[in-house]
Amino acid sequence: MIHSATKFIGGHGSSLGGVIVDGGRFEWKQYADRFPTLAKPDPSYHGAVFADVAGAAAFVTRIRAVILRDTGAAISPFNAFILLQGLETLSLRVERHVENALKVVDFLSHHPKVTKVNHPSLPTHPDHLLYKQLFPRGGGSIFTFEMAGGQAEAWRFIDSLKVFSLLANVADVKSLVIHPATTTHGQLSPEELAEQHITPSTIRLSIGTEHIDDIIWDLSQAFEQL
């Protein structure tokens, strides 16, 4: 399992980091042609085979002995401390993220200036049944919606928000907003944007843990500016 600690685990958008969890139960040598770096001799370690010398810890051993050696991707002690602090409140934060997000989805799906909300909790979403199966208590605090109008209206709406922060990261304790077509996906052609279902009126929200009344108020007052 590979996790981005920068997102929900840390929760504050203050540190870059990742987590690799290896169960140590995969038989690498049975699929040597698919995983030669683990099941075949490594020339940088005199022909040693990580699956032989490290056994169940072959994967994480190679991460430290090769990837870390070559890239220097070692997290600082202070950033590790910050991420561990965030981890202590992960379960509480995610509950609040989900609770707030579902209320925002309901608000947006009934707003006259919104043409579409892309969230699997809605019965109209193609993955709704899968969502109910995998997330019986709710999930998904990062989603998009379509504004009535075009890019100018989307930009005006974003610029009118006061509680939401205009940032490209996601899963912070604070609510975030961004315009994907001109930021996170700004390098894509119009055809590529269409393939990703991103339009000039698409807005992405990452719902935070603020009081839901403040979040709804902020969205409402921004709509009033249009």
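General observations
- In the stretch 22-32, residue modelled with the highest pLDDT [restricted to those that are open to solvent by less than 60 Å² (accessible area, probe 1.4 Å) and under 20 Å from MET1 (Cα atoms)]: TRP28
- Residue within the stretch 134-151 that is touching a strand residue (DSSP E or B) at 6+ places or on another chain (Cβ under 8 Å), exposed (fewer than 14 other Cβ atoms within 10 Å of the Cβ), touching a residue at least 12 places away in the same chain (Cβ under 8 Å) and over 30 Å from PHE50 (Cβ atoms) present: no
- Selection within the stretch 87-113 - hydrophobic (A, V, I, L, M, F, W, C) and within 14 Å of ILE215 (Cβ to Cβ): VAL98, ALA101, LEU102, VAL104, VAL105, PHE107, LEU108
- Residue match in the stretch 90-99 (condition: in contact with a strand residue (DSSP E or B) (Cβ under 9 Å, 6 or more places away or on another chain), open to solvent by less than 50 Å² (accessible area, probe 1.4 Å), under 22 Å from LEU205 (Cα atoms) and at pLDDT 95 or above): yes
- Filter result (open to solvent by less than 70 Å² (accessible area, probe 1.4 Å), among the charged types (D, E, K, R) and assigned to a helix (DSSP H, G or I)) within the stretch 33-77: ARG62
- Any chance PHE157 is in a helix (DSSP H, G or I), among the aromatic types (Phe, Trp, Tyr) and open to solvent by 40 Å² or more (accessible area, probe 1.4 Å): no
- Residues of the stretch 183-226 satisfying the condition of being among the polar types (S, T, N, Q) and open to solvent by less than 60 Å² (accessible area, probe 1.4 Å): THR184, SER189, THR199, SER201, THR202, SER206, THR209, SER220, GLN221
- Looking only at the stretch 1-48, and only at residues there that are over 18 Å from the mean Cα position of the chain (by Cα) and charged (D, E, K, R), the one that is nearest to LEU92 (Cα to Cα): ASP22
- Residue among LEU129, LEU166 that is within 17 Å of the chain's Cα centre (by Cα), open to solvent by 100 Å² or more (accessible area, probe 1.4 Å) and either closer than 15 Å to LYS103 by Cα or of a type in the set (A, V, I, L, M, F, W, C) (or both): LEU166
- Boolean, THR115 is of a type in the set (S, T, N, Q), in a strand (DSSP E or B) and in contact (Cβ under 8 Å) with a residue 12 or more places away in the chain: yes
- In the stretch 7-21, residue farthest from GLY72 (Cα to Cα) [restricted to those that are open to solvent by less than 30 Å² (accessible area, probe 1.4 Å) and in contact with a Gly (Cβ under 8 Å, 6 or more places away or on another chain)]: GLY11
- Selected residue [aliphatic (A, V, I, L, M) and touching an Asp or Glu at 6+ places or on another chain (Cβ under 7 Å)] from VAL66, VAL104, VAL163: VAL163
- Residue match in the stretch 141-157 (condition: under 30 Å from LEU38 (Cβ atoms) and not aromatic (Phe, Trp, Tyr)): no
The values are calculated or read from the model by the stated rules, or taken from the named source; none is laboratory data. This structure is a prediction, so every number in the text was calculated from the model and none was measured. Neighbour counts run over all protein chains shown; Cβ positions are idealised from the backbone, glycine included. Surface areas here come from the heavy atoms of the whole protein model, side chains and all, with no ligands, DNA or RNA. Shrake-Rupley method; radii C 1.70, N 1.55, O 1.52, S 1.80 Å.
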